[in-house]
1. For the chain, what is the accessible area per residue in Å², given a 1.4 Å probe and the full set of protein chains?
2. Could you check the spin-label model distance between S106 and A84? Points 7 Å from the Cα along Cα→Cβ, value in nm.
3. Using helices alone, what [θ] at 222 nm do you get for the chain, with -39,500 (n - 2.57) per DSSP H run of 4 or more residues, divided over all residues and rounded to the nearest 500?
4. Can you sort S44, S49 by solvent-accessible area, 1.4 Å probe, largest first?
5. Please list, in order, the residues from segment 70-106 whose amide nitrogen is less than 18 Å from a point placed 7 Å along the Cα→Cβ vector of W5.
6. Keeping all protein chains in position, work out how much accessible area R30 exposes to a 1.4 Å probe, and write it in Å² to the nearest 10.
7. Rounded, prolate or oblate: pick one for segment 1-105, where a ≥ b ≥ c are the square roots of the eigenvalues of its C-alpha gyration tensor, a/c under 1.5 means rounded, and failing that, prolate if a/b is larger than b/c, else oblate.
8. With each pseudo-label sitting 7 Å past Cα toward Cβ, what's the S49-A62 distance in nm, one decimal?
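The values are calculated or read from the model by the stated rules, or taken from the named source; none is laboratory data. Source: prediction; values computed, not measured. Cβ: placed from backbone, ideal geometry, glycine included. Neighbour counts: every protein chain shown. Quick note on the areas: whole protein, heavy atoms, side chains included, nothing else; ligands and nucleic acids left out. Shrake-Rupley method; radii C 1.70, N 1.55, O 1.52, S 1.80 Å.
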Amino acid sequence: MHIAWIYLLAAGLLEVAWALGLKASHGFTRPLASVFTVVTMAASFYLLSLAMKSLPVGTAYAIWVGIGALGTVLLGIVIYGDSASPWRLFSLVLILAGLIGLKLAS
(Lines give C-alpha, C1' and ligand atoms only; values in the text may rest on other atoms or scores of the structure.)
Protein backbone atom coordinates (compact mmCIF):
# COMPACT_ATOMS: atom_id res chain seq x y z
CA MET A 1 0.00 0.00 0.00
CA HIS A 2 1.30 3.42 -0.93
CA ILE A 3 2.28 5.58 2.08
CA ALA A 4 -0.27 8.26 1.08
CA TRP A 5 -3.09 5.77 1.65
CA ILE A 6 -1.70 4.98 5.11
CA TYR A 7 -1.59 8.71 5.90
CA LEU A 8 -5.16 9.03 4.65
CA LEU A 9 -6.41 6.11 6.74
CA ALA A 10 -4.73 7.52 9.85
CA ALA A 11 -6.14 10.99 9.10
CA GLY A 12 -9.64 9.51 8.80
CA LEU A 13 -9.32 7.63 12.07
CA LEU A 14 -8.14 10.81 13.77
CA GLU A 15 -11.18 12.56 12.32
CA VAL A 16 -13.35 10.05 14.16
CA ALA A 17 -11.36 10.74 17.34
CA TRP A 18 -11.77 14.50 17.13
CA ALA A 19 -15.46 14.28 16.31
CA LEU A 20 -16.06 12.17 19.41
CA GLY A 21 -13.76 14.47 21.39
CA LEU A 22 -15.79 17.44 20.22
CA LYS A 23 -18.94 15.91 21.71
CA ALA A 24 -17.07 15.05 24.91
CA SER A 25 -15.75 18.62 25.18
CA HIS A 26 -19.31 19.95 25.66
CA GLY A 27 -18.71 23.06 23.58
CA PHE A 28 -15.06 23.32 24.63
CA THR A 29 -16.03 23.68 28.30
CA ARG A 30 -14.10 20.57 29.41
CA PRO A 31 -10.35 21.26 29.23
CA LEU A 32 -8.97 17.74 28.69
CA ALA A 33 -11.51 16.80 26.05
CA SER A 34 -10.98 20.20 24.40
CA VAL A 35 -7.20 19.75 24.20
CA PHE A 36 -7.67 16.20 22.89
CA THR A 37 -10.03 17.52 20.21
CA VAL A 38 -7.70 20.29 19.03
CA VAL A 39 -4.64 18.01 18.96
CA THR A 40 -6.41 15.24 17.04
CA MET A 41 -7.88 17.82 14.64
CA ALA A 42 -4.45 19.23 13.89
CA ALA A 43 -2.94 15.78 13.44
CA SER A 44 -5.80 14.71 11.18
CA PHE A 45 -5.43 17.78 8.95
CA TYR A 46 -1.65 17.36 8.83
CA LEU A 47 -1.88 13.71 7.74
CA LEU A 48 -4.56 14.63 5.20
CA SER A 49 -2.22 17.25 3.77
CA LEU A 50 0.55 14.65 3.45
CA ALA A 51 -1.81 12.26 1.66
CA MET A 52 -2.88 15.02 -0.73
CA LYS A 53 0.69 15.45 -1.92
CA SER A 54 0.25 12.41 -4.14
CA LEU A 55 -3.46 11.53 -4.15
CA PRO A 56 -6.11 13.42 -6.12
CA VAL A 57 -7.64 16.11 -3.92
CA GLY A 58 -11.24 15.00 -4.48
CA THR A 59 -10.48 11.36 -3.77
CA ALA A 60 -8.41 12.11 -0.67
CA TYR A 61 -10.96 14.51 0.77
CA ALA A 62 -13.95 12.27 0.07
CA ILE A 63 -12.27 9.24 1.61
CA TRP A 64 -11.15 11.26 4.65
CA VAL A 65 -14.70 12.51 5.20
CA GLY A 66 -16.13 9.04 4.53
CA ILE A 67 -13.88 7.33 7.06
CA GLY A 68 -14.78 10.01 9.57
CA ALA A 69 -18.49 9.73 8.88
CA LEU A 70 -18.57 5.93 9.01
CA GLY A 71 -16.49 5.71 12.15
CA THR A 72 -18.31 8.50 13.94
CA VAL A 73 -21.76 7.11 13.16
CA LEU A 74 -20.76 3.57 14.19
CA LEU A 75 -19.15 4.72 17.43
CA GLY A 76 -22.09 7.05 18.07
CA ILE A 77 -24.33 4.00 17.92
CA VAL A 78 -22.07 1.97 20.22
CA ILE A 79 -21.04 4.67 22.71
CA TYR A 80 -23.96 7.11 22.75
CA GLY A 81 -26.83 4.85 21.78
CA ASP A 82 -27.54 6.77 18.57
CA SER A 83 -30.17 5.30 16.28
CA ALA A 84 -29.24 2.16 14.34
CA SER A 85 -32.29 2.14 12.11
CA PRO A 86 -32.19 0.02 8.96
CA TRP A 87 -32.15 3.12 6.72
CA ARG A 88 -29.26 4.59 8.66
CA LEU A 89 -27.25 1.38 8.38
CA PHE A 90 -28.12 1.06 4.69
CA SER A 91 -26.89 4.62 4.15
CA LEU A 92 -23.58 3.68 5.79
CA VAL A 93 -23.25 0.76 3.38
CA LEU A 94 -23.75 3.20 0.49
CA ILE A 95 -21.01 5.47 1.86
CA LEU A 96 -18.70 2.48 2.20
CA ALA A 97 -19.46 1.41 -1.38
CA GLY A 98 -18.58 4.92 -2.56
CA LEU A 99 -15.29 4.86 -0.67
CA ILE A 100 -14.36 1.51 -2.14
CA GLY A 101 -15.26 2.80 -5.59
CA LEU A 102 -13.04 5.86 -5.15
CA LYS A 103 -10.14 3.72 -3.97
CA LEU A 104 -10.51 1.33 -6.91
CA ALA A 105 -10.70 4.22 -9.37
CA SER A 106 -7.48 5.81 -8.09
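1. Per residue, the chain has an accessible area of 59 Å².
2. For S106 paired with A84, the spin-label model returns 2.9 nm.
3. It lands at -28500 deg cm²/dmol.
4. My answer, sorted largest first, is S49, S44.
5. The answer is 96-106, whose backbone nitrogens lie closer than 18 Å to the label point.
6. My reading of the accessible area for R30 is about 120 Å².
7. Judged from the Cα gyration tensor, segment 1-105 comes out oblate (a/c at least 1.5, b/c at or above a/b).
8. 2.5
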